[in-house]
Ligand SMILES: [Zn+2]
């Protein structure tokens with residue numbers, strides 16, 4: 001059993017090179033940055049009408065207590 005790192009065969013999702021231990025799953029800081037940038041720009045592009053799940057949005061109690069209207 002000399003294969004101590006079977007999981008090390010991960011490939012960089014950005015350029016496809018073998019991932020580096022320090023930047024797994026990326027091959028380098030550059031690729032990690034690229035991915036981070038993509039992720040961030042993707043997040044900022046999304047119109048955030050809804051609040052993030054970790055921050056409960058204050059619901060207007062009006063819309064729920066209007067069962068009076070027939
Ligand atoms: Zn890469």
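How about the range 42-60: which of its residues are part of a helix (DSSP H, G or I) and either modelled with pLDDT under 70 or surrounded by 10 or more Cβ atoms within 10 Å (Cβ to Cβ) (or both)? Before the answer, list the steps.
Quick first cut of the range 42-60, residues part of a helix (DSSP H, G or I) only: 42-45.
Hits for the range 42-60 are 44, 45.
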Review point. Residue check: is residue 10 modelled with pLDDT of 90 or more, within 16 Å of the ligand (Cβ to nearest atom) and at negative phi?
Key: no
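The values are calculated or read from the model by the stated rules, or taken from the named source; none is laboratory data. All of these numbers come straight from a predicted model, not from anything done at the bench. Note that each Cβ is placed from the backbone with ideal geometry, even for glycine, and that neighbours are counted across all protein chains shown.
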